[in-house]
Amino acid sequence: MPLPRPPLRLAINGYGRIGRCVLRALHTSPLAERLHVVAINEPADLASMAYLTEFDSTHGRFPGRVDAGADGLRIDGREIRVTHADTPQAVDWADLDIDLLVECSGVYGQRPALQDFLDSGCPRLLLSHPGASADDVDATIITGINEDRLTGEERLVSAGSCTTNAIVPVLDLLDAAFGIDQVLLTTLHSVMNDQPLIDAYHHTDLRRTRSAMQSIIPVSTGLARGVERLLPRLAGRVSAKAIRVPTLNVSAIDLTISTRQPVDRNAINALLRDASQHRLAHLLAYSEAPHASIDFNHDPHSAIVDGSQTRTGGSHLANLFVWFDNEWGFANRMLEVADHWSRRWTDYHL
C-alpha cells in the first residue's frame, strides 16, 4: 500500500476577493485534507484581514473560527503565517517552506516579474489571472479542458480567468458537436475593484473613472485572445467585448456562434444538459428555471447554462446565455488546478 502524500503547503499572495475566496473555498472543500494554506502575504493589517475573512458581504460569515495572532491568522486553531510585503523580493519564500504560491494580487503577469517570485525562493507559482502572453507562463490550465497537459516540470502556471473557465468548456462542446465558424462573446461582469464607487481619478480608461454602482460600463477585455490560446482551432474566429454591471457578484456571458453543421435549440440544450450530468458534471450546470443572477451566488460550477435563453436564427446561428459566479466558481477551479498539478510533480519526482 502506497504511503499517503503529505498535505500540500500553499501560500497566498494578495488577500483580496480571490485570495480570501480561495481560503474560504478550501475550508469546505473535499481537498481540505490535501491542501493546507500555511502563509499569506498581504500588505493590509492583521486585524482587517481577520475581520474580512470572518465577515463577507457576498459570501456570508465564515463557517469556522478566525483569530488574529501575533504574526498571523488562526483558522480553527491552525496557524497561518502572515507577511506584509509590497514586492515579491521582500518575502523569504524558502523560509516559509511552501510547495506552491497562489498569486492572487493580479499585479504580475509578465515573466520577468513572475521570475522575481522564483528567484526569491518560491518553488512554483499558480496565477489567478492569465499571463500577459502565452510565453509568460509555462501553461494555462482550464479544468475539464487541458489539465492533463501538466507534466510536473512547470514552475509558472495560470488558471486562466473566471470568464475563460466559464466559456471555454461550452465552446469546446459546441465546436466538437456542430463545428464553430465564428464566435461573438459579450461578458456582463459584476463590478471590480478597479472601479470607484463615485466618479474619481481611478483609472487610465476614462470609463472606469465613473461610478461603478450607477452605470452599465463598457470596458476592454482580452477574452477573445484567451479563448484562442486555449482552443487554437478557433484562432481568428473569436471576438469579444465586456460590460461591467452594478452588481456585487455573479456574471454572465451572452454567446453567439455561427456553425458549420445545422443546429436547433433542442439539440444545443440536449448536448449541454448531457454534459452537465456526465462528462463535466462538477464544472457545468444546466437549468431552464426563470433565473436571476443572485441565484448563482456562491455556486461552485465554472458555468451554468440557462437553457431557457437558448435561441437560434435560421439553421446555422445560435445564441446562448451562461451564468457564472466570478469569485466562488473560479476559486474552486484554482484549488483543483493546484491539486492536479501537485499530483503531477509528485509523480514526476517519484
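Computed from the coordinates by the stated procedures, all read-outs in this text should not be read as laboratory data. Everything numeric here is computed off the predicted structure, so don't read it as measured data. Heads up, the Cβs are rebuilt from the backbone with ideal geometry, glycines too, and the neighbour counts pull from every protein chain shown.
Mind telling me which of His298, His59, His129 comes out most flexible in a GNM of the chain, alpha-carbon contacts under 10 Å?
Checking each option, the largest mean-square fluctuation is seen for His59.
Rounded to the nearest 0.05, what FRET efficiency do Ala267 and Asp295 have when you use their Cβ-Cβ distance and R0 = 22 Å? All intermediate terms of the calculation are to be shown ahead of the outcome.
Details: r = 26 Å, r/R0 = 1.17.
The formula returns an efficiency of 0.30 here.
So for the stretch 163-326: antiparallel DSSP bridges make up what percent, rounded to the nearest 5? Intermediate results must be reported in sequence, preceding the final value.
Numbers: 24 of 36 bridges.
Here the antiparallel bridges make up roughly 65 percent for the stretch 163-326.
Running a GNM on the chain with Cα contacts under 10 Å, which residue among Val219, Val170, Val137 ends up with the highest mean-square fluctuation?
Ranking Val219, Val170, Val137 by mean-square fluctuation puts Val219 first.
So if I take the centroid of the Cα atoms in the stretch 305-338 and the same for the stretch 1-44, what is the distance between those two points in Å?
Each part's Cα centre sits 27 Å from the other's.
Mind giving me the nanometre distance, one decimal, between the label points for Glu54 and Ile243, set 7 Å out from Cα along Cα→Cβ?
Placing both labels 7 Å along Cα→Cβ, they lie 4.1 nm apart.
Looking at the chain only, what percent of DSSP beta bridges run antiparallel? Nearest 5 please. Could you put the intermediate results ahead of the total?
Values: 31 of 64 bridges.
Antiparallel bridges: around 50 percent, rounded to the nearest 5.
Tabulate in residue order the Karplus-calculated ³J(HN,Hα) for the stretch 241-251, using 6.51 cos²θ - 1.76 cosθ + 1.60 with θ = phi - 60°, rounded to whole Hz; enter x for Gly and Pro.
9, 9, 10, 8, 10, x, 10, 7, 7, 6, 10
Return the sequence-ordered ³J(HN,Hα) values of the stretch 137-142 in whole Hz as given by the Karplus equation 6.51 cos²θ - 1.76 cosθ + 1.60 applied to θ = phi - 60°, using x for Gly and Pro.
Rounded to whole hertz, the list is 10, 7, 6, 10, 10, 10.
Treat the stretch 207-327 as a sphere of radius equal to its Kirkwood radius over Cα pairs and apply Stokes-Einstein at 10 °C in a medium of 1.306 mPa s; give the translational diffusion coefficient in µm²/s, rounded to a whole number. Let's see the in-between values first.
Numbers: Rh = 15.9 Å.
After rounding, the answer is 100 µm²/s.
Name the residue from Thr247, Ala39, Leu114 whose Cα lies farthest towards the positive end of the charge dipole of the chain, charges +1 on Cβ of Lys and Arg and -1 on Cβ of Asp and Glu.
Value computed over the given set: Thr247.
Percent antiparallel among DSSP beta bridges with both residues in the stretch 72-192, to the nearest 5? Walk me through the numbers before you get to the answer.
Working: 4 of 12 bridges.
About 35 percent, rounded to the nearest 5.
If I model a spin label as a point 7 Å beyond the Cα along the Cα-Cβ vector, how far apart are those points for Leu197 and Thr28 in nm?
Taking the simple label geometry, Leu197 and Thr28 are separated by 2.7 nm.
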